[in-house]
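First up is the structure itself, then whatever we jot down about it.
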Amino acid sequence: MPPIWNGHPDYDVKRDFQGYGEAGLDPKWPNKAKIAVSFVINYEEGGERSVMHGDGMAEQNLRENPGGPPRFNERNLNVESEYEYGSRAGFWRLFRMFNENKMKFTLYGVAQAVEENPLVAKRCVEEGHDVASHAYRWIEYHDFPIEKEKEYIRKAIISLKSLTGYAPKGWYYGRNSPHSRTLVPQVYQEMGEELVWASDTYADDVPYWVDLPLERDLPDPKGLLMVPYSYDCNDFKFHTVGSGFTDPAGFYEHLNNAFDVLYEEGEKGMPKMMTIGLHCRIIGRPGRFGALKRFVEYIGQKEGVWVATRTEIAEAFKKEYPYKKGQLA
């Protein structure tokens with residue numbers, strides 16, 4: 001049976017299997033960097049599912065002990081405390097390390113979570129780290145009605161702006177709906193705010209532009225810059241069964257291999273970007289943290305490595321390759 005489309009303009013967007021092709025694209029990173037490295041800290045603790053927030057169940061995803069049936073209409077104090085470890089201890093361990101190594105990261109901030117610990121946003125701003133939006137809550141948005149999703153997008157922008165002093169320049173859902181790519185820039189436009197980049201894509205090693213369906217008939221479309229995220233260089237795979245990291249050494253080796261491949265391509269004149277996805281309650285645990293620290297020290301010894309926020313990467317790319325309708329770059 002053929003799929004039943006609902007007429008939303010997102011469904012008219014064609015897939016791109018060609019990208020930049022054999023020749024690739026030189027993003028022309030600042031100071032002729034061989035590679036751009038983006039560390040992302042997903043700050044979700046306090047925005048996850050909870051009966052205290054009316055969800056009817058405790059969070060089941062990305063936790064140390066995934067066994068056992070879901071808990072409906074009752075609190076799961078073990079899960080709650082595991083998430084609380086991320087905000088109480090794990091985040092600050094990561095924060096101190098990046099500051100000590102003079103490396104900037106991007107915080108994927110779930111607004112409701114950051115509301116519970118506003119010092120996180122305050123200190124990120126003070127140290128020059130980038131606070132982007134990871135939605136208002138860390139829940140599944142797939143079945144949200146369009147107006148309800150738009151309401152949550154507005155709440156995230158307003159909340160993070162009140163906490164940081166600026167509307168988030170970038171957006172990553174992770175648990176998005178089929179309409180999200182249109183709705184997020186639409187709400188930004190309605191609010192008079194600027195969305196510089198979005199990251200709900202895993203399609204390339206460098207940024208690329210996409211046309212927005214709702215701008216199709218506008219005389220001056222803005223497009224949307226996609227800054228690809230990563231599921232493979234991501235600590236969440238410690239909590240996946242069968243395809244994840246079984247120990248910190250495997251995590252370090254995977255990051256190291258990915259970096260070496262991309263760095264070599266940069267030396268050959270085809271620079272890329274590398275994204276490392278982190279979670280406070282996962283990599284923030286001491287037994288795993290050492291692997292990340294070792295990797296940070298490794299790339300810190302390399303010449304031509306640009307560790308940057310995702311907004312810095314997006315702005316640098318836009319400077320070299322401004323939006324042109326129908327073109328990746």
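The values are calculated or read from the model by the stated rules, or taken from the named source; none is laboratory data. All figures in this text were calculated on a predicted structure; none of them were measured in a lab. Every residue, glycine among them, receives a Cβ derived from its backbone with ideal geometry; neighbour counts consider all protein chains shown. Side chains included, ligands, DNA and RNA excluded: accessible areas come from the protein's heavy atoms. Shrake-Rupley method; radii C 1.70, N 1.55, O 1.52, S 1.80 Å.
Has the range 228-236 got at least one residue that is free of Cβ contacts under 8 Å to residues at least 40 places away in the same chain and closer than 26 Å to Asn65 by Cβ? Among the residues of the range 228-236, at least one is free of Cβ contacts under 8 Å to residues at least 40 places away in the same chain and closer than 26 Å to Asn65 by Cβ, which makes the answer yes.
Of the set (1) surrounded by 15 or more Cβ atoms within 10 Å (Cβ to Cβ); (2) more than 19 Å from Tyr188 (Cβ to Cβ); (3) small (Gly, Ala, Ser), all apply to Gly128 but (1).
The set of residues in the range 67-110 being over 28 Å from Arg154 (Cα atoms), assigned to a loop (DSSP other than H, G, I, E, B) and at pLDDT 95 or above consists of Asn101, Lys102, Met103.
As an exercise: evaluate Glu147 against (1) part of a loop (DSSP other than H, G, I, E, B); (2) open to solvent by 40 Å² or more (accessible area, probe 1.4 Å) and give the number of the one condition it does not meet. Looking at each condition in turn, Glu147 falls short on (1). Out of Leu160, Leu225, Leu183, Leu218, one residue alone is over 23 Å from Glu44 (Cα atoms), outside any loop (DSSP other than H, G, I, E, B) and not acidic (Asp, Glu). It is Leu225. Among the residues making up the range 237-280, a single one is more than 21 Å from the chain's Cα centre (by Cα), open to solvent by less than 60 Å² (accessible area, probe 1.4 Å), touching a residue at least 40 places away in the same chain (Cβ under 8 Å) and within 30 Å of Glu82 (Cα to Cα): Pro248.
Which residues, taken from the range 190-212, are hydrophobic (A, V, I, L, M, F, W, C) and not in a loop (DSSP other than H, G, I, E, B)?
Listed by number, the residues that qualify are Met191, Trp197, Ala198, Trp209, Val210.
Would you check if Ala113 is assigned to a helix (DSSP H, G or I) and crowded, with 23+ Cβ neighbours inside 10 Å? Criteria met by Ala113. Contact map, the range 124-150: first residue touching a residue at least 40 places away in the same chain (Cβ under 8 Å), second residue loosely packed, with under 14 Cβ neighbours inside 10 Å, Cβ cut-off under 7 Å, separation 6 or more or different chains; pairs are Val125/Gly165. Can you find a residue that is out of contact with any helix residue (DSSP H, G or I) (no Cβ under 9 Å at 6 or more places or on another chain) and either of a type in the set (Val, Ile, Thr) or surrounded by fewer than 19 Cβ atoms within 10 Å (Cβ to Cβ) (or both) anywhere in the range 284-297? Within the range 284-297 (the criterion being out of contact with any helix residue (DSSP H, G or I) (no Cβ under 9 Å at 6 or more places or on another chain) and either of a type in the set (Val, Ile, Thr) or surrounded by fewer than 19 Cβ atoms within 10 Å (Cβ to Cβ) (or both)), the answer is yes, since at least one residue qualifies. Any residue that is among the hydroxyl-bearing types (Ser, Thr, Tyr) and open to solvent by 20 Å² or more (accessible area, probe 1.4 Å) - is there at least one of those in the range 198-214? Yes: one or more hits. Taking the listed residues Glu64, Glu48, the one that is open to solvent by less than 30 Å² (accessible area, probe 1.4 Å), in contact with an Asp or Glu (Cβ under 7 Å, 6 or more places away or on another chain) and modelled with pLDDT under 75 is Glu48, with no other qualifying.
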